[in-house]
Amino acid sequence: MLALIGYTRFPIFYSSDGRTILGCKCRDEKFREYVFSIKDKKVVAIRTLSKLNLRRRFVVKEKAINPSLRTTESVVRRIYVYPSYEAEEPLTNVYALGFVLKGVRKQVFVPLIALRYLSEEEVQALLGVAKVKELTINRMIELVRSLGIQAEVRNLIEGIVVDLEDPIVGRYQVLVNEKGRVLDTNVCIEAETQLYLPEIVLLIRQQGDVHIYPRRW
């Protein structure tokens, strides 16, 4: 069980997986008393977590940016873990795994695991993206270029080919669809889920010494 505090007049309680909104009701009296005793604003209090639907986000300056670059969410300012009253600062300036809580005007992201820390250059580039509501593949290309990476785009039947030249990694190619979701690449990289163009660019940079196959498109 967990609760959002300071987003509405009263705390909002959730099931342990964060999916079911319990409202102001909480059968656990001790946790309820604990939550109502916290006077902090825009924080989360956690008692138990289970079977979370983990999401990937770029977390920069209290904003959580969806990898598709189409939506942003707010980030909790602090994290309380029952029964402690010593709050922990959430991860920031990272590409992270976490979970999303609904029920307030703007969805709230709780970052849990840092997948990659972002450089100041990357943070500033993403902050520029966070100000734009309607984003396209062209905006993703602009983001990549703002990181000092040369990018050329070609349209093929299979999808959109992005030819990239990164001074850190070298030359490689990524095939994406019209929404920027990665379909294929000539870089040897493992990914458990489908990625978007900005994600794969940063992950390839993180690995640094990657194997790049000959041009495919």
Given the options ARG171, ARG116, ARG139, ARG154, name the one that is farther than 22 Å from GLN207 by Cβ and part of a strand (DSSP E or B). ARG154
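If you check LEU54, LEU49, LEU112, which single one turns out to be modelled with pLDDT of 95 or more, closer than 26 Å to GLU178 by Cα and in the same structural domain as LYS30 (by TED's automatic domain parsing)?
LEU54
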In the set TYR7, TYR85, TYR117, which member is of a type in the set (Ser, Thr, Tyr) and either touching a residue at least 60 places away in the same chain (Cβ under 8 Å) or crowded, with 18+ Cβ neighbours inside 10 Å (or both)? TYR7
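For the condition surrounded by 19 or more Cβ atoms within 10 Å (Cβ to Cβ), among the basic types (Lys, Arg) and within 30 Å of LEU202 (Cα to Cα), what is the one hit in ARG57, ARG78, ARG70?
Working: ARG78 fails: surrounded by 19 or more Cβ atoms within 10 Å (Cβ to Cβ); ARG70 fails: surrounded by 19 or more Cβ atoms within 10 Å (Cβ to Cβ).
The match here is ARG57.
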Is at least one residue of region 118-128 under 30 Å from SER37 (Cβ atoms), under 15 Å from the mean Cα position of the chain (by Cα) and modelled with pLDDT of 95 or more? no
Check off (1) under 23 Å from TYR117 (Cβ atoms); (2) surrounded by 15 or more Cβ atoms within 10 Å (Cβ to Cβ) for LEU2 and give me the number that stays unchecked. (1)
Would you mind stating whether GLU190 is among the acidic types (Asp, Glu), at pLDDT below 95 and either assigned to a strand (DSSP E or B) or not assigned by TED's automatic domain parsing to the domain that holds ARG56 (or both)? yes
Residue tally, condition at pLDDT 95 or above, over 15 Å from VAL129 (Cα atoms) and part of a loop (DSSP other than H, G, I, E, B), over region 73-106: 12
Based on what the data block shows, is GLY159 under 15 Å from ILE204 (Cα atoms), in the same structural domain as TYR196 (by TED's automatic domain parsing), among the small types (Gly, Ala, Ser) and surrounded by 12 or more Cβ atoms within 10 Å (Cβ to Cβ)? no
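The values are calculated or read from the model by the stated rules, or taken from the named source; none is laboratory data. Computed from a prediction, not measured in an experiment: that's the story for all the values here. Because the Cβ atoms are built from the backbone with ideal geometry, glycine has one as well, and the counts that use them run over all protein chains shown.
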